[in-house]
Amino acid sequence: MRRSGQRGALATIVHTNGSIPSYESSRMLVREDGSIAGTIGGGCVEADVWAAARTVMENETPRKMVFNLNHDAGYDNGLICGGSLEIFVEPILPQPMLYLFGGGHISMALAKSAFATGFALTVVDDREAFANRERFPMAEKVVTSYEEAFQSIAPDNSSYLVIVTRGHKDDMRVLAWAVRTAARYVGMIGSKRKVLSVYQALEREGYSAEEFARVYAPMGLNIGALSPEEIAISVLAELIAIRRNARVVAGGEADLAASADAHKKLHYESRPALTGR
């Protein structure tokens with residue numbers, strides 16, 4: 001399921017006491033379409049766990065459930081058997097895929113650290129001297145055409161798009177495609193002035209300010225990074241924060257109890273063009 005990009009939740013009986021309608025270590029897999037494999041005993045318990053599994057895979061957070069079968073008449077489907085059980089429900093998530101647009105020094109540094117933390121990698125650059133297996137031996141795929149990448153890549157909720165091409169023109173070209181995909185993360189390198197100019201240019205081509213709201217630009221946590229390796233660390237920290245649903249706030253601190261949101265990215269609002277003399 002992970003290899004094919006599918007989500008789900010795995011429920012395992014981790015502790016039992018007394019008589020129960022199953023046995024310890026029984027498992028049930030709940031897929032995103034609601035289908036199941038395996039069983040944890042059936043009845044109302046299984047129905048409750050199935051419902052909880054939907055929430056677990058949506059929130060990407062595990063959950064432990066406790067059932068006392070000897071006290072609750074609600075579990076009268078043959079389950080009042082004098083015992084109790086604990087069930088651990090954990091999310092099954094696809095491997096995150098990082099798409100690096102640009103094969104320069106920052107991408108090389110980011111590829112190494114991202115691969116070490118579990119990201120699969122695809123590198124895209126229209127220069128074969130920069131996008132090749134020698135520079136990116138850990139990449140699953142290397143693409144040497146932006147147009148080919150736009151046609152062959154279908155980003156989803158497990159996709160992270162990082163834009164670090166060699167210039168404004170290619171950055172804008174990639175961003176124009178990226179903001180209209182289902183990617184979980186879209187980030188672009190550059191100063192706030194550069195980001196603003198790219199947004200304004202795309203707005204003239206019919207893009208709306210709302211489409212830029214999901215873009216992390218300038219990307220990376222504010223750690224004062226200067227070298228390509230330091231910049232890569234700041235970007236990877238942001239990717240991990242988004243992946244783990246941490247809320248990143250100004251100054252690079254993270255509140256792990258909250259969902260991810262903007263922290264230092266440019267907030268762009270469209271303004272009417274000035275007219276007259």
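The table below lists the values:
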read-out: Longest to shortest principal axis, alpha-carbon extents of the range 99-256, angstrom; value: 37, 36, 29
read-out: Phi to ³J(HN,Hα) by Karplus 6.51 cos²θ - 1.76 cosθ + 1.60 over the range 180-189, Hz, x for Gly, Pro; value: 9, 9, 9, 4, 6, 9, 10, x, 9, 7
read-out: Separation of the Leu226 and Ser191 label points, Cα + 7 Å toward Cβ, nm; value: 1.7 nm
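Laboratory data are not the source of any read-out in this text; all were calculated from the coordinates shown. These numbers were taken from a predicted model, which means no experiment stands behind them. Quick reminder, even Gly has a Cβ in these numbers, built from the backbone with ideal geometry, and neighbours come from all protein chains shown.
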